[in-house]
1. Could you tell me whether any residue of region A:39-51 is more than 14 Å from the chain's Cα centre (by Cα), away from DNA strand E (no atom under 15 Å from the Cβ) and more than 13 Å from A:F115 (Cα to Cα)?
2. Which is at pLDDT below 90 and either in contact with a Pro (Cβ under 6 Å, 6 or more places away or on another chain) or buried (at least 18 other Cβ atoms within 10 Å of the Cβ) (or both), of A:V39, A:V96?
3. Given the structure, is B:T19 farther than 23 Å from B:E117 by Cβ and either within 12 Å of DNA strand E (Cβ to nearest atom) or modelled with pLDDT of 95 or more (or both)?
4. If we scan region D:20-41, do we find a residue that is away from chain C (no Cβ under 14 Å) and outside any helix (DSSP H, G or I)?
5. Between a first residue in region D:23-46 that is within 19 Å of D:V127 (Cα to Cα) and free of Cβ contacts under 8 Å to residues at least 60 places away in the same chain and a second residue that is within 16 Å of DNA strand F (Cβ to nearest atom) and assigned to a helix (DSSP H, G or I), which pairs have beta carbons less than 8 Å apart while being 6 or more apart in sequence or on different chains?
6. Exactly one of (1) away from every other protein chain (no Cβ under 11 Å); (2) modelled with pLDDT of 85 or more is unmet by D:I152. Its number?
7. Restricting attention to region A:51-64, does a residue exist that is polar (S, T, N, Q), within 14 Å of chain B (Cβ to nearest Cβ) and near DNA strand F (Cβ under 8 Å from one of its atoms)?
8. Test D:F115 against the stated conditions and say whether it is more than 16 Å from DNA strand F (Cβ to nearest atom), assigned to a helix (DSSP H, G or I), in contact (Cβ under 8 Å) with a residue 60 or more places away in the chain and within 30 Å of D:L143 (Cβ to Cβ).
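The values are calculated or read from the model by the stated rules, or taken from the named source; none is laboratory data. Given the structure is predicted, the values throughout are model-derived calculations rather than measurements. Every residue, glycine as well, gets a Cβ built from its backbone with ideal geometry; the counts of neighbours run over all protein chains shown.
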Protein chains: 4
Amino acid sequence: MPKETFFNLPEEKRDLIITVVIDEFAAYNFERASVNRIVSKAGISKGSLYQYFEDKKDIYFYLLGLITAEKMKYVSPVMQNPDAHDIYTVIRELYVSGIRFVLDKPQYGEIGKRFMEIKDSAIYNEVMGENMPAANQYFEILLEKAVANGEIRKSVDIKMFAYLIGAMNTQLIEYYTVYVTDEFDEKILETVDTFIDFLKNGIGA
Amino acid sequence: MPKETFFNLPEEKRDLIITVVIDEFAAYNFERASVNRIVSKAGISKGSLYQYFEDKKDIYFYLLGLITAEKMKYVSPVMQNPDAHDIYTVIRELYVSGIRFVLDKPQYGEIGKRFMEIKDSAIYNEVMGENMPAANQYFEILLEKAVANGEIRKSVDIKMFAYLIGAMNTQLIEYYTVYVTDEFDEKILETVDTFIDFLKNGIGA
Amino acid sequence: MPKETFFNLPEEKRDLIITVVIDEFAAYNFERASVNRIVSKAGISKGSLYQYFEDKKDIYFYLLGLITAEKMKYVSPVMQNPDAHDIYTVIRELYVSGIRFVLDKPQYGEIGKRFMEIKDSAIYNEVMGENMPAANQYFEILLEKAVANGEIRKSVDIKMFAYLIGAMNTQLIEYYTVYVTDEFDEKILETVDTFIDFLKNGIGA
Amino acid sequence: MPKETFFNLPEEKRDLIITVVIDEFAAYNFERASVNRIVSKAGISKGSLYQYFEDKKDIYFYLLGLITAEKMKYVSPVMQNPDAHDIYTVIRELYVSGIRFVLDKPQYGEIGKRFMEIKDSAIYNEVMGENMPAANQYFEILLEKAVANGEIRKSVDIKMFAYLIGAMNTQLIEYYTVYVTDEFDEKILETVDTFIDFLKNGIGA
DNA sequence: CATGAATGAGCTTTCATTCAT
DNA sequence: CATGAATGAAAGCTCATTCAT
C-alpha cells in the first residue's frame, strides 16, 4: 500500500504519477520496469517516490489494485447473479465485458499481458496467491452448477474445462488486442457468439 | 554454437554443465539467468565457461537446440504427414505429444514458459525470427484444409480459431504440468479425447 | 557531457574528482585508464561516478574539453590573426605558446601524449573527426600563403614541410617536457629563436 | 629470449610463427596484441607458444631483435665510418636508409610506429632503457664533431638539435609510409636532398 | 513533504598465463 | 615437444534503495 504521503498529495500530482506508472508497467513487465524512468517521466525526485511507496513492488501492487477496481465497473448484473442465467449467457457476458474492458483501457490490457509474462516469478505468485484460487474456482462452480442443471454433459472434466475456459478468456481478449484494432462493434459480438456456440456444441448436454 | 572445447570435455563434466544450465534457465528467464550462478553451481571458473561458450546467448541457444532436438523425438508419423489424416487426429497427436513431452521433461517445459516471459526482447525475436511464422501458420493451414475437406463448418473464423487452438495447446500442456503430477497415463488420454470431442462438436461440420 | 549531478557537487569534491581523473588519464591512455582506479582514488563509489558521467568516454571527453579550454588561454593575438604577420612570427608564437602550455600544465601535456598512443582506435577518430582536419591543414595554408607572399622558396614541398613543422612542434614540446624541468625562461625563448632562424634559413626565400 | 624449444623447431614452423607474430605486432601495439590471435593464426596450441617463449613480452622483444638485425643490413659504409664524411652526407644516408628500410619492409615500419604508440608504458622504457641513450647520443656526437669541424654554427643548441634530427628522421619516415605509396624512386631522393639542404641552411656554418 | 547524491552488489565478458597429461 | 582446459582478477556498467538535509 502506498504511504499516507501519497494520498496527501494534490490530486493533480497523484494522477500524473499514476499515469506515468501505468505507462511504465504497460511498456515493461515488473522486472524490467524502471524506477528511474518513472521518476524522470513524472518529473519527481527519486526520494519522493520512496516517500510515497515502500518499493517497486508496492507501486506495482497499487496499480494492480486500481486495475481490479476499474475492471469491477465492467461487471454486469448477469455476472453478479450468475445463478439466474444459463452458463453460456454468463460466460458470454464475461467475455464481452473482458473485451470491452481492454478495448476501453488498452493499457490495462497491456499491463495484464506483461503480468502474464512473469508467470512463476516470486511476484506473480505473490499476487496470484490471493486472487488465483478465486478466479479458478469461479469457473469450476459455474461448471458444476451447469452440470447439475443439465446444461452440460456429465462426462466433462470440470477442473480441466474450468481452467481452459479461463485461459480461453485470456487468449480471446489477447486475440482482440493483438489482431483487432477497431473499436468495439457488432462484428466482435458476432464472433463471441460464434465462440459461445462452439462452446455450447462442445460441452453442452 | 558452443566452442570445440565444450565438446572435448569429458562427458560427465559436460553433462553436469548442461544440467546446471537447464536448472538455471528453468528457474530464470534469459535476462535474469546468471552466468555467475551457473559457474558457481557447476563448480567451474568463469573463464572456463567462456572457453566453452561464446557468451550467455550462445549457452541459451545451445540449450534451445537441445530442447528442439528432444521435442523432435515426440513427433509422430501422424504429425509428419498431416494430410493423410483428419484434422482431429492431427490435433490430438499434437496435444498428446506435447503433454508427453512436458511430463517426460518438465524442466524443458519450464524453459519454454520462461522464454515466453521475454516476449518483445531482442533475444525473443532472434529466436522466433526463424521458427515463429511456421508455428503461427501451422494451424491456419490445417484449418483451411479441413474446411475445404468439409471437416469443419465454413462459418468458422479460421484466423481466430487457429490462434485459439494454438493457445489451447499451450494451456492444456500447462494445465498438466501445473495440476497433474502423475506420469502419463490412460486418464490423460481420455481427457484429451474429451477435449477433441469438444472441439469436434464445436467447429465440426 | 557530465550529468547535472556532477555540476551540483560541492566544488571541493568536484575538484578532487577532476584531479584524480587528470592523474589517471595522464598515467594511462583511454583504454588502459581504469574506472575502478578512479573511484578508489577519489574515494567515491562506482555508482556515484556513473551518476556524474554517462560512461568512461564521457569522463574522457569532458577532460579533453577542459584541456582545450585551458589551451585556448594560450592563444595569442598573433595566432588569432596570422595574416597580419610573417609566417615565422606565427610559427614562433605557436611553438612558444605550446611550450608555455605544457610547462604550466605538464599533466595536460601527458594526456595529450597518451592520446596519441591510441591512434587508430575508435575513440581517437571520434575526437579527431572534429578537430583534426583543421590541425593538419593549418600549416599547409600557412605555408601556401607564405610562398605566395614570397616569404618562402617556391621549391619547397609544402605538404611535406607542413607535416614536418607540425611534427616538430610536437617534438619540440616533448623535448621541453622531457629534458627541461625548469620553469619557462629566457633561455627557452632563445632556443626557439634559434630554431626559427634555422627554419628561416632552411626554407626562406 | 625464446626458449631452446623454439630453436629446435623445424625452420618452416618457426618461420610461420615469426610471420604471424610480425603480422600481429604490425596490426596491434604491444598491449593490444593478442596471444590468442597469434596461436590461432599460427595454428599452434597456446601451450606450445608458452613452450617457445617466456611470455608475451618475450615474443615482442625477440621480434624487436629481429627488426634491429634486419635494419643493420641497411647500414651503409658511410654510416659505419661517419668521421670520413661531412655530417650532411651521414644524415642523408641515415634518412635514405631509413626510408629504404620501411619501403622494403613496411611491416617493420608498422611495428616501429606501434612501438611509438606506447611511449611511457613500462614496456617502452624497458626496451628504450638499453637502446635509447645510444640513439640519442649518436646524433649528439655527430653534431659535436660537426661543430668542431666548423660544419655547423657554434650557436646551435646541440642537445636540442640532436633530439630534433632524430625525431625528424622518424617523422620523415612516417611521412613516406603514410603519404607516399610508391616504390623507392628518384623523387624521394630529391626530397631528401631538399630536406638536407634545408638542414644545411638552417644550422650550417 | 522534497530532494538527489551515495551506495554496492550484481551483471557479462576478456585474456595472459599455468599445468597436468 | 604438444596439447588445451582451467584459471581468476580485472574490466565497464546498472539499478533499486537509503538517508541526510
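1. Checking region A:39-51: not a single residue is more than 14 Å from the chain's Cα centre (by Cα), away from DNA strand E (no atom under 15 Å from the Cβ) and more than 13 Å from A:F115 (Cα to Cα).
2. Going through A:V39, A:V96 in turn, just one is at pLDDT below 90 and either in contact with a Pro (Cβ under 6 Å, 6 or more places away or on another chain) or buried (at least 18 other Cβ atoms within 10 Å of the Cβ) (or both): A:V96.
3. no
4. no
5. What qualifies is D:E24/D:R37; D:E24/D:I38; D:E24/D:K41; D:A33/D:K56.
6. Every listed condition holds for D:I152 apart from (1).
7. No, region A:51-64 contains no residue that is polar (S, T, N, Q), within 14 Å of chain B (Cβ to nearest Cβ) and near DNA strand F (Cβ under 8 Å from one of its atoms).
8. When the stated conditions are applied, D:F115 passes them.
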